[in-house]
Structures are given as structure tokens and as C-alpha cells.
1. Cross-chain or 8 or more residues apart, Cα under 22 Å: how many lysine pairs in the chain fit that? Count them up, please.
2. Arrange Ser53, Ser122 by Cβ neighbour counts within 10 Å, fewest through most, would you?
3. Summing Lys, Arg as +1 and Asp, Glu as -1, what charge do residues with Cβ under 15 Å from the Cβ of Met83 carry, Met83 excluded?
4. Determine, for Met77, Met103, Met83, Met1, the number of other Cβ atoms within 10 Å of each Cβ, and report the residues in order from fewest to most.
5. Work the Kirkwood hydrodynamic radius out for the chain: mean of 1/r over every pair of different alpha-carbon atoms, inverted, in Å.
6. Can you find, among Gly125, Ile113, Ser62, the residue farthest towards the positive end of the dipole of the chain? Put +1 on the C-beta of Lys and Arg, -1 on that of Asp and Glu.
7. Select from Gly91, Gly126, Gly50 the residue whose mean-square fluctuation is largest in a Gaussian network model of the chain (Cα-Cα springs shorter than 10 Å).
8. Go ahead and estimate [θ] at 222 nm for the chain from helices alone: -39,500 (n - 2.57) per DSSP H run with n ≥ 4, summed, over the residue count, rounded to 500.
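Please treat every number below as a calculation from the coordinates, not as lab data. Remember, predicted model here, so these are calculated numbers, not experimental data. We place every Cβ from the backbone using ideal geometry, glycine too, and count neighbours over all the protein chains shown.
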Amino acid sequence: MAKKILSTVLGLIGGLFVIFSLEVLGHIIYPMPAGINLSDTEAIKAYTSGAPSLVFVLLVFSYALGSMAGGLIAAAMAPANKMAKAITVGGILMGLGAYNLFMIPHPVWTIIISIFLFIPCSYLGGYWGIRLSAKKTN
């Protein structure tokens, strides 16, 4: 039982790490203006409306890659129901991503693409994780 939960938790941590790392890279490439008040909704809207598309493409890429990584880790570590663990990680990441996408203004295309990427990407990562764990046992 503990290994089942641990595989999901570690998959979630791995996925969040990848997403966070790529988001930090996006902020390095396109830094926020100095002195911006993160609690000021209008300032955040002005920042995101002026941000180049590359920032949002990187965000979508981070969600996709993070979901794949999380699914891979969860499926590779789970003792049983490997794909279910990968999809669970994708679902949790989708919920967290949706919260971020709706709390901070984003272009509509970013929201639509991102929401539909989490589960398929975690499924793909889970597929790779299952294949990886099968190679270990052979």
C-alpha cells in the first residue's frame, strides 16, 4: 500500500519539479518588470497581455513535459495498476494547472491547449514507465 502511494507522490513531485524548472526558465528569458505587485490583478493582466507568445508556448511545453515525467515516474515505481498511477498524476497536475491558468490571466489558446495536454501526456509517460519497469524485471 505504501509503495502505491509513494509512486504517485513521487510522480507528482517529479512532474511539479519539471514544470517549475521550465517556468523559472521562462521568467529568466522574459523577466517580470521590477517592482510589480503580484497581488495587483491589473498589473498581472498588463504583464501577461504584453508577454510574447514564446512565454506561453514554454508554459504549455512545461505542462506537457511535466505530465510525461510524472506519469513515467509513477508508472515505473508502482507495483500494480501502473497506468492508473500515471493518469492520477496527470489528473492532479491538470487540477493544479487549471487553478494557475484561471487565477492568472492567460491567452485562451494557452488555457485550451494546456487543459487537454495533461492526461494524454501523463498516459504517454506512463506507457514509457511501464516499458522501463518491464526492462528492469527481464
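1. For the chain, qualifying lysine pairs total 12.
2. Ser53, Ser122
3. +4
4. Met1, Met103, Met83, Met77
5. So the Kirkwood estimate lands at 15.5 Å.
6. The listed residue farthest towards the positive side: Gly125.
7. Of the options given, Gly50 has the highest mean-square fluctuation.
8. -28000 deg cm²/dmol
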